[in-house]
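The values are calculated or read from the model by the stated rules, or taken from the named source; none is laboratory data. Remember, predicted model here, so these are calculated numbers, not experimental data. Every residue, glycine as well, gets a Cβ built from its backbone with ideal geometry; the counts of neighbours run over all protein chains shown. In case anyone asks, the SASA skips ligands and DNA or RNA and just uses the protein heavy atoms, side chains included. Shrake-Rupley method; radii C 1.70, N 1.55, O 1.52, S 1.80 Å.
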Amino acid sequence: MTKEIYLTGDRPTGKLHIGHYVGSLKNRVAMQNSGEYEPFVMIADTQAFTDNARDPEKIHRSLTEVALDYLAVGLDPKKTTMFVQSQIKGLFELTEYYMNLVTVARLQRNPTVKAEIEQKGFGESIPAGFFTYPVSQAADITIFKAKKVPVGDDQEPMLEQTRELVRAFNSAYNTDILVEPQGVFPAKGLGRIPGIDGNAKMSKSLGNAIYLSDDADTVAAKVKQMYTDPQHIQVSDPGHIEGNVVFTYLDIFDPDKAQVASLKEQYQQGGLGDMKLKRYLTEVLESELKPIRERRASFEEDIPAVLQMLKDGSDHANQIAEKTMTEVRAAMGVNYF
Ligand code: ATP
Ligand code: MG
């Protein structure tokens, strides 16, 4: 029996952070190791160009960084096909065809894209490629006929859009070759972890992230800067835990739930200082990040091998994509000769 394909990916716009780790990477590693799926993980460089067109070097640099992050968290090229979006030429063709099956009004309603346009301050100068990236993302998912897409919460509108495009294509060309994907979302509270500044989303483009590759001192310094409760001034003051990023992260990363509950109680009563609390969080994060950092350092010693891994992955992904494109061209009747 052929295994269900899962597809997911990341934009090479920086190194991956702990939000990616709990929101997506952990899930991927678990799905990979379950042996139940055929996993594809894409580095979305074409999509990164939609809002970084004039900074190709950032994309090139980040491509290697993201690949190292993948290997560091335990994605294994023997089990997971890791590949590069721009190398799959069928994606450009499929995106172009999908573009005719969606309206501008529909694209304008996408809440994630709306929020990103605001965040990036595009104003009236939204690159057309950025505005339409959910269409290209629909091509990414469907060219591999992926049934499962493990992603963070911000990706639900993209999946909805993809399902609509699948139905539109299958109906327009009277076929059933394309498959509707389902998102696989992280447990509640893990799908969109906040940045160290308290901003609703940790993001590599917002400069509010703790990276998987940060060294121990950097992690400690970032925890020190973390947003807590601005009203909690004296150690003896009662503090708030809602919106307090330190507690949000403890809830996520500390396996000792009883300890977190007792710290929360002390903090709310007064008598627990931010410095002490932050030192504790730093230790909790370190125990998760240290092994990842060490594995990353060992892969970093052979970058050509990392690039070769991506090339092999891209070759394999291309074979699958071309099979779908042969069917797409036939369904549309553009296989004239
Ligand atoms: P950019 O700012 O360039 O968009 P990003 O940090 O949003 O970068 P992406 O490459 O767009 O990262 O997202 C990759 C995956 O990580 C997606 O599945 C996304 O849902 C998930 N993800 C991103 N940020 C977070 C977060 N803060 N918490 C949980 N999951 C996240
Ligand atoms: Mg993003």
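Suppose the chain between Q269 and N335 were pulled fully straight at 0.36 nm per residue; how much longer would it get relative to their current alpha carbon spacing?
Here the answer is 16.6 nm.
The convex hull drawn around the Cα atoms of the stretch 216-297, when projected onto a plane and averaged over every direction, covers 5.2 nm². Taking 29 Å as the cut-off for C-alpha to C-alpha distance, list the pairs among K89/K147; K148/K264; K15/K120 that go past it. Result: K148/K264 exceed 29 Å. Dipole magnitude for the stretch 1-158: about 260 debye, using +1 per Lys or Arg Cβ and -1 per Asp or Glu Cβ, origin at the Cα centre.
Across the stretch 216-297, C-alpha contacts under 8 Å between residues 6 or more apart give a mean separation that, scaled by the residue count, equals a relative contact order of 35 percent. The residues neighbouring V235, those whose beta-carbon lies less than 10 Å from its own, together hold a net charge of -1 under the Lys/Arg +1, Asp/Glu -1 convention.
Report summary: the helix-based calculation at 222 nm, which adds -39500 (n - 2.57) for every DSSP H run with n ≥ 4 and divides by the residues of the chain, gives -17000 deg cm²/dmol.
Across the stretch 1-94, the mean sequence separation of Cα contacts (distance under 8 Å, 6 or more residues apart), normalised by length, yields a relative contact order of 39 percent.
The C-alpha atoms of the chain define a longest principal axis, and helix 216-225 lies at about 70 degrees to it. Per residue, the accessible area of the stretch 83-193 comes to 45 Å² when a 1.4 Å probe rolls over the protein heavy atoms. Note on the chain: GNM, Cα springs under 10 Å; of S213, S203, S171, the largest mean-square fluctuation is that of S171. Binning every alpha carbon pair distance of the stretch 1-121 at 10 Å from zero, what are the percents per bin? Pairs per bin, as whole percents: 12, 35, 37, 15, 1.
Give me the angle, in degrees from 0 to 90, between the Cα long axis of helix 303-332 and the longest principal axis of the Cα atoms of the chain, rounded to the nearest 10. With both axes taken from Cα atoms, the answer is about 50 degrees.
Considering only alpha-carbon pairs that sit under 8 angstrom and 6 or more positions apart, the relative contact order computed for the chain is 23 percent. Taken along the Cα-to-beta-carbon direction at a fixed 7 Å, the label points for S287 and D55 span 3.6 nm.
Counting Lys +1, Arg +1, Asp -1, Glu -1, what net charge surrounds K79 among other residues with beta carbon under 13 Å of its beta carbon?
For residues surrounding K79, the net value is 0.
Rolling a 1.4 Å probe over the protein heavy atoms of the chain, with every protein chain left in place, gives an accessible area that is 52 percent carbon and sulfur. As a size descriptor, the averaged projected area of the C-alpha convex hull of the chain was calculated at 19.1 nm².
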